[in-house]
Every structure is written in C-alpha cells, then in structure tokens.
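Report on one structure; see the data block that follows.
The values are calculated or read from the model by the stated rules, or taken from the named source; none is laboratory data. What you see is a predicted model; the values in this text were computed from it and never measured. Cβ sites come from the backbone with ideal geometry, for glycine too, and all protein chains shown count toward neighbours. Just the protein is used for accessible areas: all its heavy atoms, side chains included, with ligands, DNA and RNA removed. Shrake-Rupley method; radii C 1.70, N 1.55, O 1.52, S 1.80 Å.
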Amino acid sequence: MQLLELTPAELAFLNAAPVATPHMQQRLTRHLASVLTARLRLSVTLLEVPTAEPAHAQSTPIWLPGVELASLWLTRRLGGKHVSGVAPFVPQSLIQTLNEVLAECWLDGSVLDALPTALTWQLSADQRQARLAVQFPQHLSDMTNWARGMINHV
C-alpha cells in the first residue's frame, strides 16, 4: 500500500507549535505543588514566572530544578530538617517524581491540551526560594508517547 503525500494544510497542522492553555498549566502547577508538599513534608507554593524560550527542540521533557530545590529535596528526603550547603547534583528521585507528575497530568486530561515550549516556577517552602523549570517537546505526539512510556515504566 502506497502512502499519499501530506497536503500543505496537514503539514502546517503537524508542524504548528503547541498553543498554551491555562487549564493544563494550572492543573500541572497545582499537582506539582501538592506532590512536592507531600514528599518534602513542607508547605510548598509554586508561582509561574516568565519563561525564556529553550535553545533547541527535544523529543522528551527536560526538567531544570535549581540547586536550592535539589538541596531541599536531598535534606528532607533523607530525614533532615535544616538545609545547609548546596547539593552537588540533582537527585534522580526528584527528576523521577517530576516526570511522574507531568505524565499523569498530561494523560489525565479529558482533552489533550497543548503546552508552551517551557514553563518556569518560583517555589517557596520553609522560607526558602527555588526555581523549577521544564522544557517540553515541540510535537504533541512526542509528549504523549513519552507520557505513556513513563506511566508504563512506573
């Protein structure tokens, strides 16, 4: 069976950048805050801040947690109360948790909303401030495939 060539309208649709929808962003922000609150055993608030466009497109989401969040995560997950110093790395358990939250939010919607190319939050917990950012794939199908794989992996 021979495949037909895509029309210009079909190509434009497939190559169009995702359109941000407040519903998905708000749901992701609320879910991230609730999961981080539970895992850190601290009240966590997230506030969206302006985001710079990513330098290049990728096929999977990329999390960019600040060193303050990595330090807070390590300290609290290991049973500590007071954060001192800076974590020399971003814990894989933090990235895994963030991936699970994002995959759930993406697949949980009754209608798959589009996302912007990136989101950034200012995180507040225990009188500490930290940054958290995520860069999204350019194509919705890449995001859906990644999310399905993430959920199947868990």
Checklist line | Carbon plus sulfur fraction of accessible area for the chain, probe 1.4 Å, in percent | finding: 58 percent
Notebook entry, point to check: Tell me, what is the 1.4 Å probe accessible area of Val90, in Å² to the nearest 10?
Noted result: 60 Å²
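How big is D for the chain, in µm² s⁻¹ as a whole number, if Stokes-Einstein is applied with the Kirkwood radius of its Cα pairs at 20 °C and 1.002 mPa s? Could the numbers behind the result be given before it?
Values: Rh = 16.8 Å.
Answer from the Stokes-Einstein relation: 128 µm²/s.
Given a cut-off of under 8 Å on Cα pairs at least six residues apart, what relative contact order in percent is computed for the chain? List each step's numbers first, then the result.
Values: 216 pairs, mean separation 53.4, N = 154.
Across the chain, relative contact order equals 35 percent.
Determine the gain in length on full extension of the stretch Val86-Leu4; use 0.36 nm per residue of separation and subtract their C-alpha separation, reporting nm with one decimal. Write down the numbers at each step before the final one.
Values: separation 82, 0.36 × 82 = 29.52 nm, distance 5.58 nm.
Result for the pair: 23.9 nm of gain on full extension.
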Next item on the list: Name the most mobile residue of Leu42, Leu72, Leu123, meaning the one with the largest mean-square fluctuation, in a Gaussian network model of the chain with Cα contacts below 10 Å.
Entry: Leu42
Check: Using alpha carbons only, how many degrees (0 to 90, rounded to 10) separate the axis of helix 67-77 from the longest principal axis of the chain?
Finding: 70 degrees
Notebook entry, point to check: Under a point-charge model restricted to the Cβ atoms of Lys and Arg (+1) and Asp and Glu (-1), what is the dipole moment magnitude of the range 23-154 relative to its Cα centre, in debye to the nearest 20?
Noted result: 520 debye
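What FRET efficiency, computed as 1/(1 + (r/R0)^6) with R0 = 30 Å and r the Cβ-Cβ distance, is obtained for Leu14 and Glu100, rounded to the nearest 0.05?
On the way: r = 28 Å, r/R0 = 0.94.
The value I calculate is 0.60.
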Next item on the list: Report, in degrees rounded to the nearest 10, the 0 to 90 angle that the Cα long axis of helix 22-40 makes with the longest principal axis of the chain.
Entry: 30 degrees
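Solvent-accessible area per residue for the chain at a 1.4 Å probe radius, Å²? Before the final figure, lay out each step's value.
Numbers: 9130 Å² over 154 residues.
With all protein chains present, the chain gives 59 Å² per residue.
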Margin query: Between 0 and 90 degrees, rounded to the nearest ten: what's the tilt of helix 140-153 against the longest Cα principal axis of the chain?
Written below: 50 degrees
Next item on the list: Kindly sort His31, His82, His23 by accessible area of their heavy atoms, largest first, with the probe set to 1.4 Å.
Entry: His82, His23, His31
Next item on the list: Along Cα→Cβ, 7 Å out, is where each label goes; now give me the distance between the ones at Glu53 and Arg131 in nm to one decimal.
Entry: 1.9 nm
